[in-house]
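Have a look at the structure below before the remarks.
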There are 2 protein chains.
Amino acid sequence: MAVHARHRERHFAGSDAVRDVILGMSDGLTTPFALAAGLAAAASSNLLVVIGGLAEIAAGAISMGLGGYLAAQSQAETYRSELARETHETQAMPGEERAEVRGIFRNYGLRGHALEQATHAVTAERDAWVRFMMREELGLEEPAPRAALWSALRIGLAYAAAGGIPLAPYAFPVTIGRALAASVIVTGLALVVFGAVKGRHAGSSPTRSAVQTLAVGGVAAGVAFGIGRAVASLAG
Amino acid sequence: MAVHARHRERHFAGSDAVRDVILGMSDGLTTPFALAAGLAAAASSNLLVVIGGLAEIAAGAISMGLGGYLAAQSQAETYRSELARETHETQAMPGEERAEVRGIFRNYGLRGHALEQATHAVTAERDAWVRFMMREELGLEEPAPRAALWSALRIGLAYAAAGGIPLAPYAFPVTIGRALAASVIVTGLALVVFGAVKGRHAGSSPTRSAVQTLAVGGVAAGVAFGIGRAVASLAG
């Protein structure tokens, strides 16, 4: 449906690809950042922080990419099975299904002759009838598994790329304390920038989004650091 | 709309809460499992694996819980701003918006008198008109931010609870190799069980879902282990 696509574009500035990249990046900044802070609180060498960080990035990117792809497949499968069920229902119990169409139109304010004519028109052709039920009754849009695959890949790659930012300072020959401080500064800046971009893209306040994104990352890293410190000192 | 809720339930067995728990658990089994394997490939003590794992679990749960809550808020905000825009458009350019309603009904097979009457009925009352445009033209359902908050909390908690499974073996006084082997066995079993439950809940094949879930976890852990081994041996 061309009208559909054109109008959506008018309302939501920017493309889905940008949204994927922003999503993956703000997530990739948060979790590897926090993990590295937790390890830095306990480890004696930067190398282990780097290894842990890389392992986390790989695991997160694979889980998001591959997991997202499989989820998209299963969603498409669910849609097909719901479609088959609705199609069957319009054949097996047309009276009940027709009453549901009438109920939906009544909710939109149709009454009397208009209500009957609209119900008759939609239920006259099975394809339109089933499509109407899928969207109006179940709130299901036809999924696009191929688009979802690309989306999952973009999110996974953006996650991996962003994960390098909090990790980079630990790859330098400095003390672990300095590496942690540098990681906090660099990642803090990146979280603010990405938070602002994310807010702008979503059409909400960039400032509020920047503060919120920084807060999520900061809380996660703070808690992870505290856990690392506590467990290490408990173990002596 | 009671019809809506009742019917959804009939189609999708089980509740949203169960879906949240399954989602959080299968994710919580994958990423902490892979991270622990990556760290085990390089670390000399189980303690660092446990610390890294706990830090990851905390970071992941916070990122999902808090991040999910904020995302739900921003989605609700987007819905409200789109709603305001559609409402404005029905006032500022009623002709064009009425033509869009007509186009949607035409797509459903309405023609002639029925088409005009249905269009007239929907556009007669502004509330119904805007609601119709939101769902049919933009594919937007009214979000429930409070439900989304609970959903994010459930996912985060399930993630944390499941993350304990791959980590548990490292908390015993055994060699790191044995702990890794035990973690692979225990997590492998858990991934198969949760994969099957997930598949069953989604209405698709439990066997296929079990195999897929195990594969994602296995690939992530294998890659993370390989990274840990490679970086550790490169560093001598």
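Since every read-out is calculated from the coordinates, none of them should be taken as a lab result. What you see is a predicted model, and the numbers here were worked out from it, not measured in a lab.
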- Note on the structure: Note to self, chain B gives a 222 nm [θ] from helices alone (DSSP H runs n ≥ 4, -39500 (n - 2.57) apiece, / all residues, nearest 500) of -29500 deg cm²/dmol
- Item | chain B - percent relative contact order, Cα under 8 Å, separation 6 or more | 40 percent
- Item | 0 to 90° range, to nearest 10: angle between helix B:126-136 axis and chain B longest Cα axis | 50 degrees
- Over the residues of the range B:113-182, compute the C-alpha Rg and express it relative to 2.2 N^0.38 Å. 2.39
- Rg over Rh, two decimals, the protein assembly as shown (C-alpha only, Kirkwood Rh): 1.05
- Message: Just to be sure I understand: if I project the alpha-carbon convex hull of the range B:1-159 onto a plane and average over all orientations, what area do I get in nm²?
- Response: 12.9 nm²
- Rounded to whole Hz, the Karplus (6.51, -1.76, 1.60) HN-Hα couplings of the range B:208-225, x for glycine and proline: 4, 5, 4, 5, 5, 4, 4, 5, 4, x, x, 5, 4, 5, x, 5, 4, 4
- Task: Under a 10 Å cutoff between Cα atoms, tell me which one of B:16, B:127, B:27 has the largest fluctuation in the Gaussian network model of chain B.
- Result: B:127
- Query: Expressed as an acute angle from 0 to 90° and rounded to the nearest 10, what is the orientation of the C-alpha long axis of helix A:2-11 relative to the principal long axis of chain A?
  - Reply: 40 degrees
- Using Cα atoms only, what is the angle between the long axis of helix B:94-107 and the major principal axis of chain B, expressed in degrees (0 to 90) to the nearest 10? 70 degrees
- What number, in percent, do you get for the relative contact order of the range B:15-145 if the mean sequence gap of Cα pairs under 8 Å and at least 6 apart is divided by its residue count? 22 percent
